[in-house]
Amino acid sequence: MAVYNSVLTGLEIDSSGAAIKNAASGFSGVGDAQTANDLSIDNLKLDGNTLSSTDVGGDINLTPNGVGKVVTDNLSFDGNTISSTNTNADLTLECNGTGMVMGIPIAFCHNYKDDAGTTENYLPWTDGTESATAGDRKAFLAPFDMVLNKLIWRMGSANACTMTIKVEAVDDGDPFTAGNTTTIATATQVHDGTDHKVYSSLEANFNVQPIVPAGKLAVMTFQADVDANAAEGDYFLSSVWTLQA
């Protein structure tokens, strides 16, 4: 193996030709120094404290062998799991300045009690009262773009029906009244009539992505194709959303 006691500027290792080359400045230097200002291997470049890809849009993949993990400082990356490697340590996501952590799910409760029939009901966000008309507090002001990831629900005194679930929005400057809501996404769920059976409607179940832009009112409605309840029954609904920048 050849050892160069040199300062290498712009060192490039050409894997195709199995050669080390420095066309720009050649090898130079004296003594025991064996350093390079930058080092390029295939599509990776190491320059100072920066490791970057040289191909346009290129990924940088750190792939352990077998059950190995990628470990950096006190963090371990294993598939979809980020964990701490020191005992009882916290995981902290800290923003810069006024920034916020995006992609963290937030949950809302929309419980109410009703003999819904086939009425389109506007779901509550702050109390236990739904409404057959747009208005009052049956909406939430989106601080950022909000994506509905999951709506999980169950109802009592249930009849077999097909429930239509809508995500709607009210534009900035418009009052939350009838005629001012715009349907963003729609999903349907077949209910077999079993009391308090749990159903889930996921983001992928909607016809388009159920996303409410920042500054608009987020609205959700439920409507059955036939009488949804044999009598007044409890509706338990929870929605999970993620915020996007």
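Mind listing whichever residues of the range 210-225 are surrounded by fewer than 16 Cβ atoms within 10 Å (Cβ to Cβ) and within 19 Å of Glu120 (Cβ to Cβ)? Steps first, answer last, please.
Initial filter on the range 210-225 (surrounded by fewer than 16 Cβ atoms within 10 Å (Cβ to Cβ)): 213-215, 225.
Correct list: Asp225 only.
The test for being at pLDDT 90 or above and either closer than 30 Å to Ala228 by Cα or part of a strand (DSSP E or B) (or both) holds for Ala107. When each of Thr182, Thr194, Thr177 is tested for being assigned to a strand (DSSP E or B), in the same structural domain as Ser131 (by TED's automatic domain parsing) and of a type in the set (Ser, Thr, Tyr), the lone residue that passes is Thr182.
Within the range 154-161, not a single residue is at pLDDT 95 or above and within 20 Å of Gln209 (Cβ to Cβ). When you go through Val7, Val3, Val67, Val30 one by one, which is the residue that is of a type in the set (A, V, I, L, M, F, W, C) and modelled with pLDDT of 80 or more? Step by step, each of Val7, Val3, Val67, Val30 is checked, and only Val67 is of a type in the set (A, V, I, L, M, F, W, C) and modelled with pLDDT of 80 or more.
Yes or no, residue by residue, for (1) surrounded by fewer than 19 Cβ atoms within 10 Å (Cβ to Cβ); (2) without any contact (Cβ under 8 Å) to a residue 60 or more places away in the chain; (3) touching a helix residue (DSSP H, G or I) at 6+ places or on another chain (Cβ under 7 Å):
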{"site": "Met155", "(1), (2), (3)": "no, no, no"}
{"site": "Thr164", "(1), (2), (3)": "yes, no, no"}
{"site": "Asp172", "(1), (2), (3)": "yes, yes, no"}
{"site": "Val208", "(1), (2), (3)": "yes, yes, no"}
{"site": "Asp227", "(1), (2), (3)": "yes, no, no"}
{"site": "Ala231", "(1), (2), (3)": "yes, no, no"}
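The values are calculated or read from the model by the stated rules, or taken from the named source; none is laboratory data. Computed from a prediction, not measured in an experiment: that's the story for all the values here. Heads up, the Cβs are rebuilt from the backbone with ideal geometry, glycines too, and the neighbour counts pull from every protein chain shown.
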